[in-house]
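This report concerns only the one structure given below.
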Amino acid sequence: IAQMRGFITGKRYRVITVFVDQFSDLSFVYTQKSTTAEETVQAKEAFERYAKSHQVMIKHYHADNGIFAEAEFVRSVEKSNQTISFCGVNAHHMNGHAEKRIRDLQENARAMLLHAKRRWPSAVTANLWPYAVRMANDIHNFAPSIREGLSPIERFSQVQVSPRVRHSHAFACPVYTLDGNLQAGKRIPKWNDRSRIGLFLGWSPRHS
């Protein structure tokens, strides 16, 4: 689990909730430690904050049954003056757009993760799968379509957005961060490492 500071945790992300906008084809993923209604409502609120940052208001949800039919999630929908509809029982094809996106993200993330593990087996483990899914989703949102030349994020926000080509790297490739003392303007011994090595896990949702 991503941490800014503190002791290393043994907790793990277990599931991801995926939201797909039918108009723009944009998708939003939210990592969760469990499938409880409380965390799923948090995922809904996170998606709505993301949409609001692009001047988009969510009016309706179409979902599977299961956790989305729980009273706590439905109350959250009603509290936000939204509406919700459900697929038929065991009829996931009625939400085929979202189901296809989930499969695409899963397959792209698996390919990136397996490739990275072959290249750096001592550093890459299956526990990094949530970040591979998130990166696969970011790539989809920022990649222009062949037909229109517009990316999903551009159609969603109605604003021209340039692809993040300069800051794009292969998943889990080595990245180097300048030593903290050098960042602070201090000196270090001449033959010491000037940076520490890490893994590129995609673009941070909180840092510039």
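The values are calculated or read from the model by the stated rules, or taken from the named source; none is laboratory data. No experiment lies behind these values; they were computed from the predicted model shown. Methodologically, a virtual Cβ is constructed for each residue, glycine included, from the backbone with ideal geometry; neighbour enumeration extends over all protein chains shown. Side chains are part of the model used for accessible areas, which takes the heavy atoms of the whole protein and leaves out ligands, DNA and RNA. Shrake-Rupley method; radii C 1.70, N 1.55, O 1.52, S 1.80 Å.
Can you put Asp138, Asp104 in order of accessible area, largest first, using a 1.4 Å probe?
Values: Asp138 30, Asp104 50 Å².
Correct descending sequence by accessible area is Asp104, Asp138.
In a shell of Cβ-Cβ distance under 13 Å around Arg147, excluding Arg147 itself, what net charge do Lys and Arg (+1) and Asp and Glu (-1) give? Write down the numbers at each step before the final one.
On the way: positive: Arg155; negative: Asp25, Glu148.
Neighbourhood net charge equals -1.
For every other residue with a beta carbon closer than 12 angstrom to the beta carbon of Thr125, add +1 if it is Lys or Arg and -1 if Asp or Glu, then tell me the sum.
It works out to a net charge of +2.
Ser162 to Met94: FRET efficiency via 1/(1 + (r/R0)^6), r the Cβ-Cβ distance, R0 35 Å, to the nearest 0.05?
Numbers: r = 36 Å, r/R0 = 1.04.
After rounding to 0.05, the efficiency reads 0.45.
Return the carbon/sulfur percentage of the accessible area of region 114-183, one whole number, probe 1.4 Å, all protein chains in place. Intermediate values should be presented prior to the final figure.
Details: 2510 of 4600 Å².
About 55 percent, which is the carbon plus sulfur part of the accessible surface.
Filter the trypsin sites (Lys or Arg not before Pro) in region 74-152 down to the DSSP loop ones having no more than 12 other Cβ atoms within 10 Å, then list what survives.
On the way: sites: Arg75, Lys79, Lys100, Arg101, Arg103, Arg110, Lys117, Arg118, Arg119, Arg134, Arg147; in loops: Arg147.
When the trypsin sites (Lys or Arg not before Pro) of region 74-152 are filtered for loop state and at most 12 Cβ neighbours within 10 Å, Arg147 remain.
Which residue fluctuates the most in the chain, going by a Gaussian network model with Cα springs under 10 Å, if the choices are Ile67, Ile188, Ile146?
Ile188
Quick one: which residues, 5+ away or cross-chain, put their amide H under 5 Å from the amide H of Val175? H built at 1.01 Å from N.
Those lying under 5 Å, H to H, from Val175 are Gly198, Leu199, Phe200.
List the chymotrypsin sites (Phe, Trp or Tyr not before Pro) within region 117-208 that fall in a DSSP loop (any state other than H, G, I, E or B) and whose Cβ has at most 12 other Cβ atoms within 10 Å.
Working: sites: Tyr131, Phe142, Phe156, Phe171, Tyr176, Trp191, Phe200, Trp203; in loops: Phe171, Trp191, Phe200, Trp203.
Counting only loop positions with at most 12 other Cβ atoms within 10 Å, the chymotrypsin sites (Phe, Trp or Tyr not before Pro) in region 117-208 are Trp191.
With n ≥ 4 as the cut-off for DSSP H runs, can you work out [θ] at 222 nm for the chain, using -39500 (n - 2.57) per run divided by the number of residues, rounded to the nearest 500? Provide the component values of the computation, followed by the final result.
Values: 6 runs with 74 residues, N = 208.
Counting only the DSSP helices, I get -11000 deg cm²/dmol.
Could you size up the charge dipole of the chain around its Cα centre, putting +1 on the beta carbon of Lys and Arg and -1 on that of Asp and Glu, and report it in debye to the nearest 20? Present the calculation step by step, with values, prior to reporting the outcome.
Numbers: 29 positive and 18 negative charges, 236 e Å.
About 1140 debye.
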